[in-house]
Amino acid sequence: MNEEADISIKPTDLRGILKYVPQFRNHIFVIALDGSIVADENFPNVITDIAVLRSLNIKIVLVHGIGYQLRWLSEERSVEVSDLYGSGTTDEKTLKLATEACAVVNHKMGEALTHASIRYATTNAVRASDVGILRGIDYGASGKVDKLDLDLFNTLLEKDITPLLTPIVFDRDGRSLRVNSDQLAAEVAVQLRASKLIYLTPFEGLIIDGNAVQNIPVEELRTLIESKKSSIDPRLLSKARFAIHALDEDVPRAHILDGRVFGGLLTEIFDKVGLGTMIHANEYQRIRPARKKDVQAIYNITRTGARTDALRPKTRQAIETAIGDFFVYEIDDSIIGCAAIKAFANSETMELGSVYVHNFYEGKGVGRKMVEYAIIEAKKRQAKKLIALSTQAYDFFTRSCGFAEGSLNDLPAIRQQDYVANGRHSRILIKQLS
Ligand SMILES: CC(C)(COP(=O)(O)OP(=O)(O)OC[C@H]1O[C@@H](n2cnc3c(N)ncnc32)[C@H](O)[C@@H]1OP(=O)(O)O)[C@@H](O)C(=O)NCCC(=O)NCCS
């Protein structure tokens, strides 16, 4: 299989992708590329991905780092630098090399953007101020973001010009300061009210205890940093911290991605259970009660389940009538799973049914989260027992969701009659809630 064929956006997902076109139109994504990604052989493909996003009318702000190039220059010139990544002190010789590294990276970015016909501008739309002396340490020429010229940003973005920001930023007197590019990207994302902050790194994602996590709620990440900082790969700590800052300031999502993977950027954006790590607000915010306008989407996904006999076929009408029982799992406005909990008159038992996860998203923990949500909801409604009838997902309910084998007697009388009449011989599973 060639590399192109391996890309994980399938033609069958085109409808799903097209859905995002109006959704992201005129939204701002801030994309920060580590210096090592600009030096990577996949870099031209990253720029092609960015050109695709631009063609969908997504407004892009680019930020680049220089750590990799600075290290290279420091070794080549045998100059010891005071800090590689702009988060420590910056002495004069480091600033000089950093300015040189910055010119090299900026030039390479310019070449690639021009090749991809992306109009861009390197500007002084960001102003820095020096970090100064902190706890007795003089940070020299290290700076932090002071102010954004929003008018200049907006003028460029309105004219479809991509701002390209470098980690050497001027202060109000025109003095050069070295700013950490992770911080720069996060601050810009916050102030431009970006929809996404995306870090392109030479890592598979955010590495926690040695493994890249697919997605993590911001509160979980914050707790981890406060209580067990050592579990996060130290090379990603700054990105994790600035991602938290961005989310705290209402940027909805931050992503930490592997910029060395072909098509990775598009895969992450259009296939959310995709490639790197997504840091998001709150897990259960993705599950919500269904609304009338969801009927068609629920019908579409449950119909596939009915074809394999995993679910009982339901008409659109039946779904619409029972829409109040349904809840859906949504990823960026796209429904990828559903389930329903049904009450019975004069009974403390509720039934969990129509649990279905779009096959493209199976095995990512979505099903289990929906069952957890159903349990919370059933408890809120004072149910003492939750039942599920399953023909094909018996192990899912018992092993992964803590249900136990039940019998006909566990069903409310009216459900017993239906069970006997429909002849599906589903396994009866129960979960005690009190
Ligand atoms: C069953 C279903 C809802 C599970 O959703 P999912 O998002 O893929 O499941 P999760 O990722 O949350 O999986 C949790 C665990 O259950 C296991 N699992 C998932 N589907 C399973 C199945 N059909 N049988 C047995 N185990 C299953 C997973 O391997 C995982 O185990 P692990 O924690 O040891 O890795 C989904 O596969 C589906 O929609 N199936 C078709 C419809 C269906 O059968 N619905 C149930 C009838 S009500």
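The values are calculated or read from the model by the stated rules, or taken from the named source; none is laboratory data. Predicted model only: the values in this text are computed from it and were never measured. Don't worry about glycine lacking a Cβ; one is built from the backbone with ideal geometry, like all the others, and counts go over all protein chains shown. These accessible areas exclude ligands, DNA and RNA; they are computed on the full protein's heavy atoms, side chains included. Shrake-Rupley method; radii C 1.70, N 1.55, O 1.52, S 1.80 Å.
Details
- The residues of the range 81-184 expose on average 50 square angstrom of accessible surface per residue, using a 1.4 Å probe on protein heavy atoms.
- Distance from the range 185-233 to the range 387-420 (C-alpha centre basis), Å: 40
- For the range 229-237, the Karplus equation 6.51 cos²θ - 1.76 cosθ + 1.60, evaluated at θ = phi - 60°, returns couplings of 4, 5, 6, 9, 3, x, 6, 10, 4 Hz by residue, with Gly and Pro reported as x.
- Among beta bridges from DSSP that stay inside the range 286-432, the antiparallel ones total about 85%.
- The range 290-342: C-alpha gyration tensor shape, a/c 1.5 cut-off, then a/b vs b/c: oblate
- Toward the positive end of the charge dipole of the chain, with +1 on the Cβ of Lys and Arg and -1 on the Cβ of Asp and Glu, the farthest Cα among 331, 305, 407 is that of 407.
- The range 293-315 residues near the modelled residue 391 label - backbone nitrogen below 19 Å, point 7 Å along Cα→Cβ: 299-315
- The slack in the chain from residue 230 to residue 158, taken as 0.36 nm per residue of separation less the alpha-carbon distance, amounts to 21.6 nm.
- By average C-beta atoms within 10 angstrom, highest first, the peptides 208-214, 361-367: 361-367, 208-214
- Taking 0.36 nm per residue of separation and subtracting the Cα-Cα distance, full extension of the segment from residue 291 to residue 404 would add 37.5 nm.
- Whole-Hz couplings from phi, Karplus 6.51/-1.76/1.60, listed for the range 250-266; x for Gly and Pro: 6, 6, x, 9, 10, 10, 10, 10, 8, x, 8, 9, 4, x, x, 4, 5
- Accessible surface, the range 360-434, averaged per residue in Å² (probe 1.4 Å): 54
- Between residue 417 and residue 219, the FRET efficiency from the beta-carbon distance, with R0 = 51 Å, is close to 0.65.
- Amide H contacts of residue 290: 326, 327, 328, each under 5 Å away and 5 or more positions distant or on a separate chain (H built 1.01 Å from N in the peptide plane; Pro and chain starts excluded).
- Calculated [θ] (222 nm, deg cm²/dmol) that DSSP helices of n ≥ 4 give over the chain, each run adding -39,500 (n - 2.57): -11000 deg cm²/dmol
- Beta bridges by DSSP in the chain, antiparallel share as percent, to the nearest 5: 55
- Inter-part distance where the range 124-172 and the range 33-105 are each reduced to a Cα centre, Å: 16
- The protection proxy used here, the mean number of other Cβ atoms lying within 10 Å of each residue, ranks peptides 399-410, 97-108 as follows, highest first: 97-108, 399-410.
- Under 5 Å between amide hydrogens, built in the peptide plane, is the criterion, and for residue 311 it picks out 306 among residues at least 5 positions away or on other chains.
- Where labels lie 7 Å past Cα in the beta-carbon direction, separation of residue 25 and residue 121 in nm: 2.5
- Prolate/oblate/rounded call for the range 112-210, Cα gyration tensor, a/c under 1.5 rounded: oblate
- Residue-wise HN-Hα couplings along the range 40-52, as the Karplus relation 6.51 cos²θ - 1.76 cosθ + 1.60 with θ = phi - 60° gives them from phi, are 7, 5, 7, 3, x, 5, 4, 5, 5, 4, 5, 5, 5 Hz; Gly and Pro carry x.
- Amide hydrogen proximity for residue 90: with H placed 1.01 Å from N in the peptide plane, the residues at 5 or more positions away or on another chain lying under 5 Å are 140, 141, 142.
- Within the accessible area of the chain (1.4 Å probe), percent carbon and sulfur: 49
- For the range 286-432: rounded, prolate or oblate by the Cα gyration tensor [a/c cutoff 1.5]: rounded
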